[in-house]
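Take a look at the structure below.
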Amino acid sequence: MIKLSRISTDSIEKILQEAQQFVDGKISKIKGDVFAANLFFENSTRTKTSFEVAEKKLGLKVIDFEADKSSIAKGETLLDTIKTLEAIGVEVAVIRHSEKRYYDALKDAKLSIINAGDGVGSHPSQAILDALTIIQEFGKIEGLKIGIVGDVKHSRVANSDAGLFRRLGAKVYFSGPEFWFDEGMLVNGTYMQFDDLVKEVDVLILLRIQHERHERNFSFKPEDYLKKFGLTKEREAKMKPTSIIMHPAPINRGVEIDSELVECERSRIFKQMQNGVFARMAILKYDLENKGFEFIDSKN
Amino acid sequence: MIKLSRISTDSIEKILQEAQQFVDGKISKIKGDVFAANLFFENSTRTKTSFEVAEKKLGLKVIDFEADKSSIAKGETLLDTIKTLEAIGVEVAVIRHSEKRYYDALKDAKLSIINAGDGVGSHPSQAILDALTIIQEFGKIEGLKIGIVGDVKHSRVANSDAGLFRRLGAKVYFSGPEFWFDEGMLVNGTYMQFDDLVKEVDVLILLRIQHERHERNFSFKPEDYLKKFGLTKEREAKMKPTSIIMHPAPINRGVEIDSELVECERSRIFKQMQNGVFARMAILKYDLENKGFEFIDSKN
Amino acid sequence: MIKLSRISTDSIEKILQEAQQFVDGKISKIKGDVFAANLFFENSTRTKTSFEVAEKKLGLKVIDFEADKSSIAKGETLLDTIKTLEAIGVEVAVIRHSEKRYYDALKDAKLSIINAGDGVGSHPSQAILDALTIIQEFGKIEGLKIGIVGDVKHSRVANSDAGLFRRLGAKVYFSGPEFWFDEGMLVNGTYMQFDDLVKEVDVLILLRIQHERHERNFSFKPEDYLKKFGLTKEREAKMKPTSIIMHPAPINRGVEIDSELVECERSRIFKQMQNGVFARMAILKYDLENKGFEFIDSKN
């Protein structure tokens with residue numbers, strides 16, 4: 001799964017249903033020795049670990065790939081590395097890379113590529129797990145009002161979430177500092193003042209400030225950012241009774257969100273992480289079944 | 001297992017017995033997919049590898065966690081990382097960290113934390129494997145005279161060993177350079193001149209000089225240290241016929257011990273490493289059984 | 001397997017036959033929990049990954065060893081590290097190291113050492129997979145003319161390939177820049193002008209320029225090297241109709257070989273990578289069977 005836009009809405013719904021079955025205890029194990037490799041060219045805990053857990057739960061064998069100790073450090077291109085893994089018998093490569101659309105250079109590869117984040121581009125597996133989390137809460141995405149707030153311009157999560165939610169029938173709103181306003185996002189939703197947005201939305205998704213992607217140093221003090229654009233307790237108090245808070249994490253505590261709200265009643269932040277494993281299992285299984293691999297299902 | 005002091009002597013004896021059963025060929029495999037992660041924020045060969053072998057022998061699935069490529073490098077706290085792993089479904093986190101009592105910040109975590117060394121604090125799994133090694137030799141700890149020599153002040157091994165051995169009924173003696181004298185240790189044993197100590201003890205435990213923990217450069221030349229505070233052949237010759245030599249390793253050959261003594265007849269240094277795997281299997285199994293996980297036992 | 005020269009020709013032929021059986025779908029799984037560790041002190045994608053896939057296909061349990069986070073970073077010697085792994089229960093250590101004949105220091109080790117490349121020394125598993133690739137093409141090595149071209153002096157591949165092919169009855173030719181001429185190679189073959197060699201050989205093996213092993217900066221521009229010593233399309237056109245091109249990879253595209261030839265009809269470069277897994281399975285199995293371990297064979 002490289003881009004959600006290449007996958008039919010039917011298939012996305014099938015993936016979401018299977019993910020929920022995994023949440024409910026279904027076990028699927030692939031037949032035979034099938035190899036996956038996780039190529040993370042950017043730091044990661046959640047995404048990397050949850051893909052690894054997902055792979056192992058599906059019975060895949062996971063190859064330990066370290067970018068900085070690979071032949072990429074000897075000057076080999078990403079394409080040649082991927083074709084090498086393919087020749088060696090790896091069936092699935094999960095890739096995170098700082099370059100937007102790194103996968104365009106890999107279109108000759110025959111192994112499956114699962115995009116685990118391409119720079120400021122997209123992050124499809126996060127959108128699937130976010131959708132799963134919202135559906136668990138509200139039964140569906142259609143008709144919901146979903147707010148995405150913060151560093152919209154640099155966020156691959158904002159990009160993938162907004163596209164998927166709009167497609168599944170939600171109304172999407174954005175907020176955050178003006179200099180992170182992203183005109184390209186207007187196809188998926190509208191901008192709104194944060195203080196208005198918090199009262200309006202069913203789902204409030206806060207984004208991590210992507211310090212590592214800003215050209216100049218981020219000029220706000222944490223307290224000032226929290227006061228102006230973060231979720232303070234005052235803002236949280238204005239949310240609708242049934243509304244929930246999400247964040248892809250890692251969280252800058254006290255910046256995007258008051259530290260005490262991270263585990264408040266409305267927060268689904270750790271629920272998102274739990275769902276991440278099951279969403280990724282469903283994505284991997286979808287991909288491998290399409291390639292003809294068989295799974296044996298059972299109940300826990 | 002975070003601190004040995006929180007575990008009853010009965011439980012410690014149960015762990016030691018099970019460890020010996022593993023030495024004797026017992027096989028235990030956990031039921032279902034259970035995940036462990038090894039978080040080593042300090043370099044390690046022995047402890048990390050032996051935990052990993054222990055986990056895999058017990059049938060646990062091991063997640064590859066690299067601190068320097070995780071979101072900790074993006075500023076995530078250790079607690080948030082641990083709660084992430086917990087959400088993702090990791091049941092056991094084995095942690096080594098340079099900060100003493102790092103685990104105090106993790107008391108909200110629900111997954112099991114196994115302390116694999118906290119700075120100059122403690123190293124409980126080393127104490128268990130050391131006890132196992134001594135019991136294999138003498139049948140029991142009670143009544144033995146055990147000497148711990150060297151960098152007592154900076155040694156988490158000294159700390160954990162001394163506490164456990166005293167509790168199990170041994171008499172503990174310390175020696176080493178005066179500036180590494182540690183008053184806090186006097187609750188567990190007494191200081192003695194090294195040349196007296198070697199003649200007295202049944203078990204001589206040499207400590208590694210912790211170069212990485214000294215504020216200023218270590219001012220001895222290796223030869224001088226060996227002569228004054230290390231185990232030379234002359235000192236070894238004065239040991240009782242049945243006495244044994246131990247060292248947690250890695251060894252600074254020619255500093256704490258004459259290189260030729262590392263594998264002499266009295267040395268149990270490699271035996272300690274062998275026992276490390278079995279001791280850690282027993283620790284992990286003890287912890288997981290307490291949480292309700294089941295194991296299937298068989299004989300090799 | 002440390003050196004091919006220590007293994008009888010009969011055993012090498014047995015290994016090559018078993019490797020071909022793995023290519024043809026034979027499955028072998030080792031009985032019991034047997035541990036392997038891959039110690040790569042130099043960057044690698046192909047060799048490290050294909051050993052890891054080979055180990056996992058054989059049912060070995062693979063320990064994650066990272067040289068730079070091990071006790072080697074605390075000053076432990078390679079021998080003490082290996083003896084530690086041995087004590088911990090590791091049966092096979094696959095080692096790549098920048099030092100030629102690093103294994104001489106390890107002769108006291110009881111675990112199996114598989115040499116995955118020792119500096120400018122040798123690379124036995126590459127020679128086995130190269131032989132397998134050639135036999136798949138021509139049915140045998142005997143009587144073939146094999147050219148090895150490029151950085152002969154710094155290439156452990158050249159060294160191992162030439163020795164094995166000569167021993168199996170091939171005529172070996174070398175070419176490349178004069179300053180990489182290696183007199184020691186004359187026992188295994190003769191030097192020839194590249195433009196003559198391309199017309200003559202059945203198998204053309206191009207070597208990677210080992211930038212990391214050159215004392216001074218490599219003084220050619222890539223285009224100039226390609227024109228003088230690389231495989232251009234003009235040279236390729238002069239090869240015999242049945243001749244094939246090989247390269248151990250990673251490839252410096254546009255230097256040793258015109259980028260467009262990397263996947264041309266004559267190229268067996270990706271076939272070599274595929275064979276790498278099967279050759280390494282055969283090597284590991286050969287070694288472990290000699291130590292008394294049993295495998296259960298089946299057909300895919």
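Along the charge dipole of the stretch A:124-269, which of A:Cys264, A:Leu231, A:Ile134 sits closest to the positive end, that is, farthest toward it, with unit charges on the beta carbon of Lys, Arg, Asp and Glu (+1, +1, -1, -1)?
Positive-most Cα among the choices belongs to A:Ile134.
Could you give the distance between the Cα centres of the stretch C:25-90 and the stretch B:254-271, to the whole Å?
After rounding, the separation between the Cα centres reads 26 Å.
Going highest first, how would you order C:40-47, A:98-105 by mean Cβ packing within 10 Å?
C:40-47, A:98-105
Residue separation times 0.36 nm, minus the C-alpha to C-alpha distance between A:Gln17 and A:Lys240: what's the value?
Net length gain for the segment: 77.5 nm.
Ignore the peptide's own chain and count Cβ atoms of other chains within 10 Å of each Cβ in C:261-272; give me the average, rounded.
1
Out of the trypsin sites (Lys or Arg not before Pro) in the stretch B:6-39, which ones are loop residues according to DSSP with at most 13 other C-beta atoms within 10 Å?
Passing sites in the stretch B:6-39 are B:Lys31.
For B:Thr190 and C:Leu79, what does the FRET efficiency come to when R0 = 35 Å and r is the distance between their Cβ atoms, rounded to the nearest 0.05?
It comes out at approximately 0.40.
Please compute the Kirkwood hydrodynamic radius of chain C from all pairs of different C-alpha atoms, in Å with one decimal.
Here the Kirkwood hydrodynamic radius works out to 19.8 Å.
Suppose R0 equals 56 Å. What FRET efficiency, 1/(1 + (r/R0)^6) with r the Cβ-Cβ distance, do B:Phe179 and A:Asp108 give to the nearest 0.05?
0.30
Set Lys and Arg Cβ to +1 and Asp and Glu Cβ to -1, take the dipole of chain B about its Cα centre, and tell me which of B:Leu206, B:Val255, B:Pro177 lies farthest positive.
B:Leu206
Rounded, prolate or oblate: pick one for the stretch B:36-146, where a ≥ b ≥ c are the square roots of the eigenvalues of its C-alpha gyration tensor, a/c under 1.5 means rounded, and failing that, prolate if a/b is larger than b/c, else oblate.
Prolate is the answer for the stretch B:36-146, as a/c is 1.5 or above and a/b outweighs b/c.
Work out the charge dipole of the protein assembly as shown with +1 on the Cβ of Lys and Arg and -1 on the Cβ of Asp and Glu about the Cα centre, then indicate which of A:Phe293, B:Asn43, C:Ser112 is farthest towards its positive end.
The residue sitting most towards the positive pole is A:Phe293.
Compute the long axis of helix B:269-290 from its Cα atoms, compare it with the longest principal axis of the Cα atoms of chain B, and write down the angle in degrees, 0 to 90, nearest 10.
Helix B:269-290 sits at roughly 30 degrees to that axis.
Between 0 and 90 degrees, rounded to the nearest ten: what's the tilt of helix B:46-57 against the longest Cα principal axis of chain B?
The angle comes out near 40 degrees.
What shape does the protein assembly as shown take by its C-alpha gyration tensor, where a ≥ b ≥ c are the square roots of the eigenvalues and a/c under 1.5 counts as rounded, a/b above b/c as prolate, and the rest as oblate?
oblate
Among the listed pairs A:Lys31/B:Lys69; C:Lys48/C:Lys228; A:Lys48/B:Lys299; A:Lys153/A:Lys199, give every one whose C-alpha distance is greater than 29 Å.
In this structure, A:Lys31/B:Lys69; C:Lys48/C:Lys228; A:Lys48/B:Lys299 lie more than 29 Å apart at Cα.
Averaged over B:5-13, how many beta carbons belonging to a partner chain fall within 10 Å of each residue's beta carbon?
0
Please compute the average number of Cβ atoms from other chains found within 10 Å of each residue's Cβ in peptide B:275-287.
1
Counting only DSSP beta bridges with both residues in chain C, tell me the antiparallel percent, nearest 5.
15 percent
Measure nothing but the geometry: give the 0 to 90° angle between the long axis through the Cα atoms of A:156-167 and the longest principal axis through the Cα atoms of chain A, rounded to 10°.
Between the helix axis and the principal axis of chain A, the angle is about 80 degrees.
Would you mind counting up the charge near A:Gly147? Only other residues with Cβ under 9 Å from its Cβ, with Lys and Arg at +1 and Asp and Glu at -1.
-1
Could you rank the peptides C:227-236, C:157-166 by their average count of other C-beta atoms within 10 Å per residue, with the highest value first?
Ranking, from highest mean packing down: C:157-166, C:227-236.
How far is B:Lys107 from itself in the other copies, in nm, if each label sits 7 Å out from Cα along the Cα-Cβ line, shortest first?
Counterpart label points of B:Lys107 in the remaining copies fall at 5.8, 5.8 nm.
Let me know the shape class of the stretch A:124-269, please: from the alpha-carbon gyration tensor, a ≥ b ≥ c as square roots of the eigenvalues, rounded when a/c is under 1.5, otherwise prolate if a/b is greater than b/c, or oblate.
Oblate is the answer for the stretch A:124-269, as a/c is 1.5 or above yet b/c matches or exceeds a/b.
Which chain B residue comes nearest the axis with its C-beta when you rotate B onto A, and by how many angstrom?
Measuring from each Cβ to the axis, the minimum is at B:Asp64, 3.
Mind giving me the FRET efficiency for C:Thr232 and B:Asp68? R0 is 41 Å, r the Cβ-Cβ distance, nearest 0.05 is fine.
0.40
No lab work stands behind these numbers, since they all come straight from the coordinates. All values reported here derive from a predicted model rather than from experimental measurement. Positions of Cβ are backbone-derived with ideal geometry, glycine not excepted, and every protein chain shown enters the neighbour counts.
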